[in-house]
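First comes the structure, then the notes that go with it.
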Amino acid sequence: MRVSEYVHYDAVGLAELVAAGEVTPADLEAAAREAAGAVDPRINAIVETWPTDDRPLPGSAPLAGVPFLIKDIGVAMAGRRMELGSRLAAGHVSGADSTLMRRFRRAGLVTFGRTTTPELAYSMATEPVLYGATRNPWDPQRSAGGSSGGAGAAVAAGVVPMAHATDAAGSLRVPAAHNGLFGLKPTRGRVSMGPDIDEMFNGLVVHGSVSRTVRDSAALLDLIRGPEPGDPYFAQEPPRPYAVEVTRPPGTLRIGVRTHAWGGRRTTAPVAAALSRTVLLLESLGHEVTEADVGLGVGQEEFLLANARLITANLAALVDGLATALGRPVDSSTLEPVTLAGYHYGQRVSGPQFATAFEVRNRVARSLARSFDAYDVLLTPTLPELPMPLGTFAEGAQGLDGLGWIGRLNERSPFTMPFNVAGTPAMSVPVTADPGTGLPIGMQFAAGYGREGLLFRLAGQLEQASPWAGRTPAVWAGSPTGC
C-alpha cells in the first residue's frame, strides 16, 4: 500500500482492509514506517521505532494489523524503553506488559514505536531536554501541545490513524486541539491502570487516544475499557458499545456554554469567534444552547493550591522511586528546572495538606456533578488561545515553584483541569479552524460521570455536520514530499 493511500484510511478502515485480505499487516506497517520517515524529521514526534512481533492474523482481532504508537509514559511494553521524557529515566526498560499494553495487543494493534512527552508529563508543551521540541504539523514554529504532544503530531501528520495518549490536566485534549484531532478523556476508572499502579496522581490521570475520526476513538475505548481486580475506581459498563453510539442521534441536548474560564482567564478573539460558530452549528442541529454560570465550588486560589499539592506530592514520589530504582541523583543533571522545583515543593507537602486537597477535589466534583442536572453537556473552548509559538510555555518559568508552575498550566489551559479533578468525561472536537491562520481550534464538551456514550453520539453528529477529515496540515505524509 502506498503512503498516499494509507493516510486516507482511519484505523477502522485499515482493519477492514486487513480483514478482507486486501492488504496485510506488514503492508500497513511498511506504509506507517515510510510515513514516519517522511515527516518526523520536521516534527520530532517519535522517540524511537522498533522491529515488531505483533503480527495478528487477518481478521483475528477488531483492529488487526493497524499501526500504532504508545506514549513514552504510563504504558509499559515488555522489553521496550519507557523513559518518561526525562534524563532521570533514560535507558529504563520495562520488564513486562502493563494491563493496557496487553489490551492493545489483544485489539490487534501493531505497536512499532513510542511518542514524545515533556519530562514526566509535567507540561502542556512537549519540549523536553531529552528529546528536543516536538513541532506542530500545521505550523512547525508552534507547539504541538502536551503532554501527549508526540501522539498528537504523529497522528495529525498521517503517521498513524490514532495513538495512545494520557490526560492528567488536559494532556490528551490539549494536543487534540493543537493538532486538529478528536480526543476524548474517559471517566475516571474507565480504563485500568494496573497491574503495578492502582491510580496515577490520585485519579487525575486517565488513558485514552487521539485520532482523526470519532469512530476510531470509540472503537479503541471499547477494546481497552473495563476494570481489573483491585482497581480503586469503577465506572459502570455502558449499555451499548461506544462504536455503536457514534452512529446514533443524540437527540435534543441542553448545552450550557462558558466562553471565559474559571478564575478570570479571558478567551482570545479567534477562539471566541470559533465558539460562536460552534453554538450556531449546535442550534442548527436542534440543540438548546444557553450561557451557563457553572461554578467549581471553590475559589481559584484554593483550586490551584489543592492541585499543586496533589500533583507535586505525586511527582516527588515518582522522582524518588525512579532515582532509587536507577541509582541516579535528583538534581539539575537529571531533572529540568521546573520539574526539580516541583519536586522540592512536593517534598514539603504535609499529610494534613494532602488530605485537605482531597476535600477540595470532592467539592469540585460535587459542584460540577450538580451542573449536569441542569445541562446534558457543558461546552467551552478546549483552550483560550491558538497554538503557541515554540518556547512560549516555559518563558519566565525559571523562578516558579510548584504552585507557580501549576498556575502556569492552568493559565494556559484553564478549561481542562476541572474535569480531571471531577473525574468526568470530556472531549476536544476539531469543529472549526481559524480563518486567518488556518490553525485548528478545538471545542471541549463535557458530560456527567460515566456518560461517554452521550459524548460519542454528539461527536458523531458534529463530525457529519462539520467534517474535518479533509483538512490536512502543512506537514502531511500524504503529500509528495511529506511537507
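Any read-out appearing in this document is the output of simple, stated calculations on the displayed coordinates, not a laboratory observation. Note that this is a predicted model, so its numbers are computed, not measured. With ideal geometry, Cβ positions are generated from the backbone for all residues, glycine too; neighbour counts draw on all protein chains shown.
Amide H contacts for Arg135 (H built 1.01 Å from N in the peptide plane; partners 5 or more residues away or on another chain; cut-off under 5 Å): Asn44. Relative contact order of segment 129-244, taken over Cα pairs closer than 8 Å and 6 or more residues apart, is 24 percent. Dimensions of the chain along the principal axes, based on C-alpha atoms and rounded to the nearest Å, stand at 60, 59, 47, largest first. Segment 1-70 and segment 121-172 have Cα centres lying 19 Å from one another.
For the peptides 424-431, 158-165, the ranking by mean Cβ contacts within 10 Å, running from highest to lowest, is 158-165, 424-431. Summing Cβ point charges (Lys, Arg +1; Asp, Glu -1) relative to the Cα centre of the chain gives a dipole of roughly 300 debye.
How would segment 298-340 be classified by its alpha-carbon gyration tensor: rounded, prolate or oblate, with rounded meaning a/c under 1.5 and the a/b versus b/c comparison settling the rest? Oblate shape, in that a/c is at least 1.5 and b/c is the bigger or equal ratio.
Can you tell me the FRET efficiency between Arg266 and Asp198 if r is taken as the Cβ-Cβ distance and R0 is 35 Å, rounded to the nearest 0.05? Here the calculated transfer efficiency is 0.35. Considering every alpha-carbon pair of segment 412-483, the percent of pairs per 10 Å bin, from zero through the bin containing the longest distance, is 17, 37, 32, 13, 1.
Is the shape of segment 325-483 best called rounded, prolate or oblate, per the rule: a/c under 1.5 gives rounded, else a/b larger than b/c gives prolate, else oblate, with a ≥ b ≥ c the square roots of the Cα gyration tensor eigenvalues? The shape class here is oblate.
Placing unit charges on the Cβ atoms only, positive for Lys and Arg and negative for Asp and Glu, gives segment 1-56 a dipole magnitude near 180 debye about its Cα centre.
Between Thr52, Leu378, Ser4, the Cα set farthest toward the positive side of the dipole of the chain (charges on each charged residue's Cβ, about the Cα centre) is that of Leu378.
On the principal axes of its alpha carbon atoms, segment 192-264 extends 40, 38, 24 Å, with the longest extent given first.
Residues in segment 137-145 carry Karplus couplings, in order, of x, 6, 7, x, 8, 10, 6, 8, x Hz; the curve used is 6.51 cos²θ - 1.76 cosθ + 1.60 with θ = phi - 60°, and Gly or Pro positions show x.
Each of His178, His287, His92 has some number of other Cβ atoms within 10 Å of its Cβ, and from fewest to most they run His92, His287, His178. A dipole drawn for the chain from +1 and -1 charges on Cβ atoms has a positive end, and of Pro329, Gly230, Thr339 the residue lying farthest that way is Gly230. Relative protection proxy for 184-194, 343-353, 325-335, 28-38, from highest mean packing down: 184-194, 28-38, 343-353, 325-335 (other beta-carbon atoms within 10 angstrom). Hydrophobic long helices, here whole DSSP H runs in the chain with Kyte-Doolittle means of at least 0.0 and Cα atoms spread over 24 Å or more along the helix axis, are found at 300-326.
Projected onto planes of every orientation and averaged, the convex hull of the alpha-carbon atoms in segment 192-336 covers 13.3 nm².
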